[in-house]
Amino acid sequence: MRALILVDIQNDFCPGGALAVRDGDAVVSPANRLMDACEVIVATQDWHPRDHGSFADNHPGRKPFELAELAGLAQVLWPAHCVQGTPGADFHPALDRARIQRVFPKGTDPAVDSYSGFFDNGRRRSTGLGEWLRERGVDEVVLAGLATDYCVKATALDALASGFRTTVVADACRAVDLNPGDGERALTEMRAAGCVIATVAGIAHIQEGAMTTVPRDRRSENP
Ligand SMILES: [Zn+2]
């Protein structure tokens, strides 16, 4: 069974947001389209307390995008973003929220960041996503969202390491690109690790092909 994992499609990562990814809102329409190709649909949501250790303004004298340390790990300091209960933490309004079966919050512990939707960056705590998917018989995941070079990459690599066949839909993701080319390098890294890098059209085509092989009179038995 195939699950769509929508990674952090939130206002703060879209144009006008606190940590806007260029063209971030361009992932919304493809994300909605991919919902038709997957039986299970989940979303991750960056969901930080105001005192989160990844925020530059919680480190006196430090500026956004500088490198620091958090939980013993290298940490990019970000502008405050996706603070719990604020509009910036909400999903983009055009995302078809009603079809999302379960939301997995991440980054809730102020002492450690969480790029992956599966585990915090120190891999000390699981969000429950992997267990939840396995309980439902999911063996394949398709990823779309923000951002390619951080949370999409971390989620894809953890999905793979957790035993899921993993496809990243490149044109349904956008990168922060702090350094030019980070997004492309992230895709290369994910492919090298064993992820399939696909396009929205490719996924939709696979789905249409699969549908045509199912006799029409049998479809009702396999909703
Ligand atoms: Zn965050």
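Just so you know, all these numbers are worked out from the coordinates, no wet-lab data involved. Here the structure is a predicted model, which is why all the values come from computation and not from measurement. Because the Cβ atoms are built from the backbone with ideal geometry, glycine has one as well, and the counts that use them run over all protein chains shown.
In whole angstrom, note down how far apart the Cα centers of the stretch 85-138 and the stretch 1-79 are. The stretch 85-138 and the stretch 1-79 have Cα centres spaced 10 Å from each other. Rounded to the nearest whole Hz, the Karplus-based 3J(HN,Hα) values (6.51 cos²θ - 1.76 cosθ + 1.60, θ = phi - 60°) of the stretch 164-175 follow the sequence 8, 5, 10, 10, 10, 8, 4, 7, 10, 9, 9, 9, with x at glycine and proline.
For LEU70, the residues 5 or more places off, or on other chains, whose built amide H falls under 5 Å of its own are GLN75. For the chain, the relative contact order works out to 22 percent when only alpha carbon pairs closer than 8 Å and six or more residues apart are counted.
Distances between placed amide hydrogens fall under 5 Å for ILE41 paired with LEU4, GLN101, all partners being 5 or more residues away or on another chain. Per-peptide packing, taken as the mean over residues of other Cβ atoms within 10 Å, places 38-48, 156-166, 69-79 in the sequence 38-48, 156-166, 69-79 from highest down. Farthest toward the positive end of the dipole of the chain, out of ASN11, PHE118, THR108, is the Cα of PHE118, where the dipole comes from beta carbon charges about the Cα centre. Computed over the chain, the per-residue total of -39500 (n - 2.57) for DSSP H runs of n ≥ 4 gives a 222 nm mean residue ellipticity of -6000 deg cm²/dmol, rounded to 500. Put a plus charge on the Cβ of each Lys and Arg, a minus charge on the Cβ of each Asp and Glu, and nothing anywhere else: the dipole of the stretch 81-133 about its Cα centre is then about 140 debye. For the chain, a crude dipole built from +1 on the beta carbon of Lys and Arg and -1 on the beta carbon of Asp and Glu, taken about the Cα centre, is about 380 debye to the nearest 20. With both residues required to sit in the chain, DSSP beta bridges show an antiparallel share near 20%. Residues whose amide H lies under 5 Å from that of PHE65, counting only those 5 or more places away or on a different chain, are LEU77, TRP78; hydrogens are built 1.01 Å from N in the peptide plane.
Springs between Cα atoms under 10 Å define the GNM used for the chain, and in it the highest mean-square fluctuation of ARG33, ARG124, ARG22 occurs at ARG124. Each residue of the stretch 141-158 is assigned a 3J(HN,Hα), and the resulting list reads 10, 10, 10, 9, x, 10, 10, 3, 8, 10, 6, 5, 4, 5, 5, 5, 5, 6 Hz, derived from the Karplus form 6.51 cos²θ - 1.76 cosθ + 1.60 (θ = phi - 60°), x at Gly and Pro.
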